[in-house]
1. So if R0 is 30 Å, what FRET efficiency would Arg149 and Ile89 give, r being the distance between their Cβ atoms, rounded to the nearest 0.05?
2. Contact order normalised by length for the chain, with contacts defined as Cα pairs under 8 Å and 6 or more residues apart; what percent is it?
3. For the chain, what is the calculated [θ] at 222 nm in deg cm²/dmol (nearest 500), taking -39500 (n - 2.57) for each run of four or more DSSP H residues and dividing by its residue count?
4. Taking the Cα centre of region 45-197 as origin and charging only Cβ (+1 Lys, Arg; -1 Asp, Glu), how large is the dipole, in debye to the nearest 20?
5. What nm value, rounded to one decimal, do you get for the distance between Val96 and Ser156 when each label is placed 7 Å out toward the C-beta?
6. Considering the chain, which cysteines have no disulfide-compatible partner, defined as another cysteine with its Cβ under 4.7 Å away?
7. Count the lysine pairs in the chain whose Cα atoms sit under 28 Å apart, keeping only pairs 8 or more residues apart in sequence or on different chains.
8. How large is the Kirkwood hydrodynamic radius of the chain, in angstrom, based on all distinct alpha carbon pairs?
Amino acid sequence: MTKAIYNHDYFAELYRINNGDPWQYEQRWYEKRKRDMTLAVLPYPKFKNGIEIGCSNGVLSAELAERCEALLCMDANSTAIQLANQRLIHGHVKVVQGIVPLDLPPQQFDLIVASEMLYYLEENIMLQLVEWMNTHLSPQGCIVACHWRHAIEGFSLNGEQVHQILKQRLHYYHHTQLQDADFFLDVWTHDVNSIAVQEGLL
């Protein structure tokens with residue numbers, strides 16, 4: 001795998017001019033609602049270990065941490081890493097700076113989260129990340145992807161293209177699909193059974 005081309009200046013400027021919260025995760029109802037919906041579609045109540053790829057300042061990470069026994073949060077931006085470390089003081093959460101796909105860890109995960117970040121990758125880099133996902137999801141795990149549906153300026157991919165690629169390339173069962181007016185939200189699992197079947201209701 002080759003190292004991703006990461007636009008350090010673009011993201012550094014975003015964090016600089018927006019007081020460490022470029023997408024206003026802490027202010028916007030859109031962001032709070034989207035986080036709530038992302039957490040709600042997780043098919044299992046708890047996960048042994050999870051990874052959030054592109055954790056930004058750790059707002060979503062803090063809520064994912066409540067569902068994971070261990071959580072690894074990764075971002076390429078140094079300011080994001082600093083802010084996430086300040087927020088995520090839980091002993092079972094580790095925050096690391098890294099660029100996908102080169103810096104992705106070798107172990108498997110029960111939960112893989114990619115929220116609002118895949119369209120910042122070149123398509124060939126995203127395909128390498130999908131290849132990693134196809135070999136690093138544990139048998140009892142799930143992958144969650146959530147992305148903005150509207151135009152993304154300055155990048156080669158958009159949310160619709162990202163989720164089309166995921167649907168075409170991921171080798172897992174497409175468990176949940178939600179198309180909000182503003183974002184796509186999809187879940188893939190190894191287990192093809194519904195929650196009701198898993199709990200013996202059917």
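1. 0.35
2. 18
3. -9500 deg cm²/dmol
4. In total the dipole reaches around 340 debye.
5. 2.7
6. Cys68, Cys142, Cys146
7. Eligible lysine pairs with Cα atoms under 28 Å apart amount to 14.
8. With all distinct Cα pairs of the chain included, I get 17.1 Å.
Quick note: the coordinates plus some simple rules give every number you see, no bench work behind them. A quick note: this is a predicted structure, and the numbers were derived from the prediction, not measured. Glycine also receives a Cβ, built like all others from the backbone with ideal geometry; neighbour counts cover every protein chain displayed.
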